[in-house]
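J.: Got a structure here, written out as structure tokens. Questions coming.
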Amino acid sequence: MYHYNSYRQYLKKKFGTAVLKIPLSGGFSCPNRDGTKSSEGCLFCDNRSFSPAALREENPKAQLLGIIDKVKHKYHAFIPYLQPFSNTYGPVERLREVYEPLLDVENVVGIAIGTRPDCFDRDTVEYLADLSKRTYLSVELGLQSAHDTTLIAINRGHTVNEFASIVEKLAAYSIETVAHVMLGFPGESDQMMMDTARFLAGLPVSGVKIHQVMIIQGTAFEKLYNDRKILPLDLDKYTDLLCRFLELLRPDQLIHRIVADSTIEHGLIAPLWSAEKSKTISHIHALMDANQRVQGRFFVSK
Ligand code: SF4
């Protein structure tokens, strides 16, 4: 049964073959960690756990070539994905230095750039517009919640309006954007999470990455968890929230992810079902099948 508009399938159709997205470290920092906005970062942030790419020290092209060498027997199309930290945080010359060499690599069909909504100036947007004419470009923006109260509580350091504004600017150049959101922040009601879905459905956001709030060792969330100020979602509750969220999105919005995974070795504390990704996805799909729940079912155009 069809569940949602899968990004993986979209890429396969677009490029005529399975495409592997390869996480790389671009060596950028983040204004929410380097003291510009704050030094503490988002309360859930631990890039070492969120992305093995954050630990790589080679230059991005060397990282990419090394990974392609290991998987080239299986895949013939690749999208380098600058994932950890904020990969538009720097002058355009620096962005060029990091991005451009990746495009020359054989069988690279595009580039994905992960960043924050407050890391753009006019030059950056113009450069990305130029880049998008030369290759497939996807810009991934952390939003997490469409409520400023939550963004303040988790120390995001940017506003919901900043997110909406950069999405509109990039969409004006037909650049694909992806919103990252999480379900299960402390203080968020079910209704607030559904408001985030409606907010995204009303913007020219091309794709959405959704996952559960996880408690990772060494993050500020670990302390809140120990103080019983965060209660991680159990799998049935998460599945229900996720289905309701998907039902409110537009049918055309691409779904990049429906669950995140980590391991105890990488510092996962809770919820422990996060360590069993394929089992969790099967569980979610089975529940969607049983109840005929599909993306866009309750989308209302304004
Ligand atoms: S924006 Fe990303 S890298 Fe920066 S503090 Fe937040 S989660 Fe960490």
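The values are calculated or read from the model by the stated rules, or taken from the named source; none is laboratory data. All figures in this text were calculated on a predicted structure; none of them were measured in a lab. Every residue, glycine among them, receives a Cβ derived from its backbone with ideal geometry; neighbour counts consider all protein chains shown. Side chains included, ligands, DNA and RNA excluded: accessible areas come from the protein's heavy atoms. Shrake-Rupley method; radii C 1.70, N 1.55, O 1.52, S 1.80 Å.
J.: So how do 189, 86 rank on accessible area, 1.4 Å probe, biggest first, that is with the largest at the start? Please list the in-between numbers first.
T.: Numbers: 189 50, 86 0 Å².
Descending order: 189, 86.
J.: Assuming R0 = 22 Å, can you tell me the calculated FRET efficiency for the pair residue 34 and residue 121, based on Cβ-Cβ distance, to the nearest 0.05?
T.: Values: r = 17 Å, r/R0 = 0.77.
E between residue 34 and residue 121, to the nearest 0.05, is 0.85.
J.: Taking only the C-alpha atoms, wrap a convex hull around segment 128-175 and report its volume per residue in Å³ as a whole number.
T.: 68
J.: Quick one, what does Rg over Rh come out to for the chain if you take C-alpha atoms and the Kirkwood Rh?
T.: Reported Rg/Rh (Cα atoms, Kirkwood Rh): 0.94.
J.: Still on this model: What length, rounded to one decimal in nm, is gained on full extension from residue 106 through to residue 291, with 0.36 nm per residue of separation minus their alpha-carbon distance?
T.: 62.2 nm
J.: What residues qualify as long-range amide H neighbours of residue 249, i.e. H under 5 Å apart, gap of 5 or more or another chain, H built at 1.01 Å from N?
T.: For residue 249, the qualifying residues are 296.
J.: Calculate one ³J(HN,Hα) per residue across segment 195-211 by plugging θ = phi - 60° into the Karplus curve 6.51 cos²θ - 1.76 cosθ + 1.60, and present them in order as whole Hz with x for glycine and proline.
T.: Each residue's phi maps through the Karplus curve to give 4, 5, 4, 5, 4, 5, 5, x, 10, x, 8, 7, x, 9, 10, 10, 7 Hz.
J.: Quick check: with the 1.4 Å probe, what order do 227, 118 take by accessible area, largest first?
T.: The ordering from most to least exposed comes out as 227, 118.
J.: Which sequence of 302, 229, 13 reflects their accessible areas, 1.4 Å probe, from the largest down?
T.: So, going from the largest accessible area down, we get 302, 13, 229.
J.: Using every Cα-Cα pair within segment 155-279, state what percent have a distance larger than 19 Å.
T.: Of the Cα pairs, 52 percent sit more than 19 Å apart.
J.: Projecting each Cα onto the charge dipole of the chain (Lys/Arg +1, Asp/Glu -1 at the beta carbon, about the Cα centre), which of 278, 105, 2 comes out farthest on the positive side?
T.: The listed residue farthest towards the positive side: 2.
J.: List the aspartates and glutamates whose Cα sits under 13 Å from the Cα of residue 237, skipping any in the same chain fewer than 8 residues away.
T.: 190
J.: Quick one: which of 74/133; 12/209; 37/61 span more than 26 angstrom between C-alpha atoms?
T.: Over 26 Å apart, Cα to Cα: 74/133; 37/61.
J.: At 1.4 Å probe size, what's the solvent-accessible area of residue 1? Round to the nearest 10 Å².
T.: 110
J.: Same structure again: Any idea what the dipole of the chain comes to, in debye rounded to 20, about its Cα centre with Lys/Arg Cβ at +1 and Asp/Glu Cβ at -1?
T.: About 720 debye.
J.: Two-decimal Rg/Rh of segment 80-221 from alpha-carbon positions, Kirkwood Rh?
T.: 0.98
J.: Hey, another quick one. Explain nothing, just compute: Karplus ³J(HN,Hα) = 6.51 cos²θ - 1.76 cosθ + 1.60, θ = phi - 60°, for every residue of segment 24-37 in order, whole Hz, x for Gly and Pro.
T.: 9, 9, x, x, 8, 10, 8, x, 8, 10, 8, x, 5, 9
J.: Taking 7 Å along the Cα-to-C-beta vector as the label spot, tell me the residue 264-residue 192 distance in nanometres, rounded to one decimal.
T.: 3.2
J.: Mind checking which of 213, 23, 238 is farthest towards the positive end of segment 7-290's charge dipole, using Cβ charges of +1 (Lys, Arg) and -1 (Asp, Glu) about the Cα centre?
T.: 23
J.: Let me ask something additional. Report in % the part of the accessible area of segment 7-290 that belongs to carbon and sulfur, leaving out ligands and nucleic acids; probe 1.4 Å.
T.: Numbers: 6400 of 12530 Å².
Roughly 51 percent, rounded to a whole number.
J.: Something else: Per residue, how many Å² of accessible area does the chain show with a 1.4 Å probe?
T.: Roughly 46 Å² per residue, with all protein chains present.
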